[in-house]
Amino acid sequence: MSGTAQIGVTGLAVMGRNLARNFARNGLTVAVHNRTVSKTRALVDEFGDEGTFVAAESAADFVAALERPRRLIIMVKAGGPTDAVIEEFAPLLEEGDVIIDGGNAHFADTRRRERELRERGIHFVGVGISGGEEGALHGPSIMPGGSAESYASLGPLLERIAAKAPDGAPCVTHIGPDGAGHFVKMVHNGIEYADMQLIAEAYHLLRSVAGYSPAKIAETFRSWNTGRLDSYLIEITAEVLAHTDAATGKPFVDIVTDQAEQKGTGRWTVQIALDLGVPVSGIAEAVFARSLSGHAALREASRSLPGPTAAPLSEADAARFADQVEQALYASKIVSYTQGFHQIQAGSEEYGWNIDLGSVAAIWRAGCIIRAAFLDRIREAFDTQRDLPSLLSDKQFAEEIGAAQEDWRAVVATAVHQGVPTPGFAAALSYYDALRAERLPAALTQGQRDFFGAHTYRRTDREGSFHTLWGGDRSEVSA
């Protein structure tokens, strides 16, 4: 088998199969391989007319089908299965070849694999791919990490299959070395968790407080999607809310168990944020909200706890409240993206990645799950002000969130008064208020820590660390 394929995909479940088809549709010869040979044959039999595929039944045949430098994409489960595939193929490769992991790997695993394979002369690229099954086939947002040399070889192929932003730019860029791509994909998913939670809270408020039906809320979301909230998640939310269950005739959302699942990337985002010391409270609340929803027995046991019952508003008051919810949702979304980009910035500094935040915003404009109209403005903000410490430091976003804050506060207050849980809205508002506060109660916290553990504190009037001898005369000593 001669090396004629420009790219190869091993692991032909839905994502891998669709990615291979995307490459073929865009004029590339694609080698395809799967541990179960029947899946390889089925892909070629069913979709062979979409482009040029080279079916390989063995690892050796698969490698032989690839032109040099070989570019081999692994599309299998993260963790042990990925390591097993790497160990199967690495001995068959030569110096300068490239192994690409397109799964949802933990970035620390990607850093380890990149380091180990680099010692063997093989490039390893961790690629975050967002867009789900449809994105993989029609154009995802792609976040590759790895060496500049590997991207020079791989980048032009990824640009062919990536989603195209409204200005025609492919939604792919070299994020940075080793695990940078998978790190950015992880944070993308964390923002996705927060975004979905905020949208769910907006739905809950419109239903419980405004008294709207799912169909009415669908109309509201469709209206919002024509303005500044224009995004993929708002669009599909309207579709979900408008759907009627065929078996019962009830709104679809009413026949779905209210226990949300998760695959782990949201948890990773929060865990790594804690390691980096970055507050991502909106993402954390979204993760915890999913966790709480799954504790059915705990919720059942607590259902009789005292509290207010939401009282639906009049039609006119409901319409005014819906406008306030739109303001709260928009402001909270800005905070979620602010926290996510802060985490990317902190990770970039910690690991020496030198990530361009404007470029990250640019490749999220199409293809990915969190694609939204205002990402173009986020890109512009970071491109214009390279040292921008926070999205909330951008004049336009600061003005918008300032204009929204009165309604935002009213929505959170109404939710508390009516007993409707809104952890995402409330956490976002608390984060905003903490940033704008002249002083925080952390001074008291430091005093407590020094009292019980002699952890020391710093003073506002002179340099150095100090400790108070809390017994006796309570004198102060330099630490």
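The values are calculated or read from the model by the stated rules, or taken from the named source; none is laboratory data. The shown structure was predicted, so the numbers you read here are calculated from the model rather than taken from an experiment. A quick note on method: Cβ atoms are made from the backbone with ideal geometry, for glycine too, and the neighbour counts reach across all protein chains shown. Ligands, DNA and RNA are stripped out before the accessible areas are found, and what is left, the full protein with its side chains, is counted by its heavy atoms. Shrake-Rupley method; radii C 1.70, N 1.55, O 1.52, S 1.80 Å.
Tabulated data
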read-out	value
Residues of region 212-223 satisfying the condition of being under 30 Å from Pro166 (Cα atoms), open to solvent by less than 30 Å² (accessible area, probe 1.4 Å) and either among the polar types (S, T, N, Q) or touching a Lys or Arg at 6+ places or on another chain (Cβ under 9 Å) (or both)	Ile217, Thr220
From Leu43, Leu72, residue being open to solvent by less than 60 Å² (accessible area, probe 1.4 Å), aliphatic (A, V, I, L, M) and touching a residue at least 60 places away in the same chain (Cβ under 8 Å)	Leu72
Candidates Thr237, Thr226, Thr244, filtered to the one that is touching a Lys or Arg at 6+ places or on another chain (Cβ under 8 Å), without any contact (Cβ under 8 Å) to a residue 60 or more places away in the chain and either among the hydrophobic types (A, V, I, L, M, F, W, C) or farther than 30 Å from Gly146 by Cα (or both)	Thr244
Region 140-153, residues that are open to solvent by 10 Å² or more (accessible area, probe 1.4 Å) and touching a residue at least 24 places away in the same chain (Cβ under 8 Å)	Ser147, Ala148, Glu149, Tyr151, Ser153
From the options Val253, Val280, residue that is touching a Pro at 6+ places or on another chain (Cβ under 8 Å) and either of a type in the set (S, T, N, Q) or in contact (Cβ under 8 Å) with a residue 12 or more places away in the chain (or both)	Val253
Hits in region 118-136 - residues which are open to solvent by 20 Å² or more (accessible area, probe 1.4 Å), in contact with a Gly (Cβ under 9 Å, 6 or more places away or on another chain) and either closer than 24 Å to Cys171 by Cα or polar (S, T, N, Q) (or both)	His123, Ile129
Test: residue in region 98-117 that is surrounded by fewer than 19 Cβ atoms within 10 Å (Cβ to Cβ), modelled with pLDDT under 95, of a type in the set (D, E, K, R) and within 25 Å of Ser58 (Cα to Cα)	no
Residue satisfying condition, being in contact with a Leu (Cβ under 9 Å, 6 or more places away or on another chain) and over 19 Å from Ala415 (Cα atoms), within set Leu298, Leu276, Leu292	Leu298
Residue match in region 154-174 (condition: crowded, with 23+ Cβ neighbours inside 10 Å, in contact (Cβ under 8 Å) with a residue 60 or more places away in the chain, in contact with a Gly (Cβ under 7 Å, 6 or more places away or on another chain) and of a type in the set (D, E, K, R))	no
The lone exception for Val9 - which of (1) under 17 Å from Gly103 (Cα atoms); (2) part of a helix (DSSP H, G or I) it fails	(2)
Residue list for region 201-219, filter: over 17 Å from Gln327 (Cβ atoms) and in a helix (DSSP H, G or I)	Arg207, Ser208, Pro214, Ala215, Lys216, Ala218, Glu219
Residue check for Leu329: farther than 21 Å from Ser208 by Cα and in a helix (DSSP H, G or I)	no
Check on Leu198, touching a Lys or Arg at 6+ places or on another chain (Cβ under 7 Å) and touching a residue at least 12 places away in the same chain (Cβ under 8 Å)	yes
Criterion (within 30 Å of Gln385 (Cα to Cα) and among the basic types (Lys, Arg)) met by exactly one of Arg365, Arg290, Arg299, Arg267	Arg365
Test result for Arg449, open to solvent by less than 90 Å² (accessible area, probe 1.4 Å), of a type in the set (Lys, Arg) and out of contact with any helix residue (DSSP H, G or I) (no Cβ under 9 Å at 6 or more places or on another chain)	yes
Residues of region 451-479 satisfying the condition of being of a type outside the set (Phe, Trp, Tyr) and under 26 Å from Ser430 (Cβ atoms)	His455, Arg458, Thr460
Selection within region 279-326 - outside any helix (DSSP H, G or I), touching a helix residue (DSSP H, G or I) at 6+ places or on another chain (Cβ under 6 Å) and modelled with pLDDT of 95 or more	Val280
Hits in region 224-262 (condition: closer than 21 Å to Ala331 by Cβ, open to solvent by less than 70 Å² (accessible area, probe 1.4 Å) and out of contact with any helix residue (DSSP H, G or I) (no Cβ under 9 Å at 6 or more places or on another chain))	Tyr232
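Yes/no per residue for (1) more than 21 Å from the chain's Cα centre (by Cα); (2) within 22 Å of Gly227 (Cα to Cα); (3) buried (at least 21 other Cβ atoms within 10 Å of the Cβ):
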position	(1), (2), (3)
Arg290	no, no, no
Ala297	yes, no, no
Ser302	yes, no, no
Ala310	yes, no, no
Lys333	no, yes, yes
His342	no, no, yes
Glu350	no, no, no
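Yes or no, residue by residue, for (1) modelled with pLDDT of 95 or more; (2) surrounded by 11 or more Cβ atoms within 10 Å (Cβ to Cβ):
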residue	(1), (2)
Pro423	yes, yes
Ala428	yes, yes
Ala434	yes, yes
Ala437	yes, no
Ala443	yes, yes
Arg462	no, no
Gly472	no, no
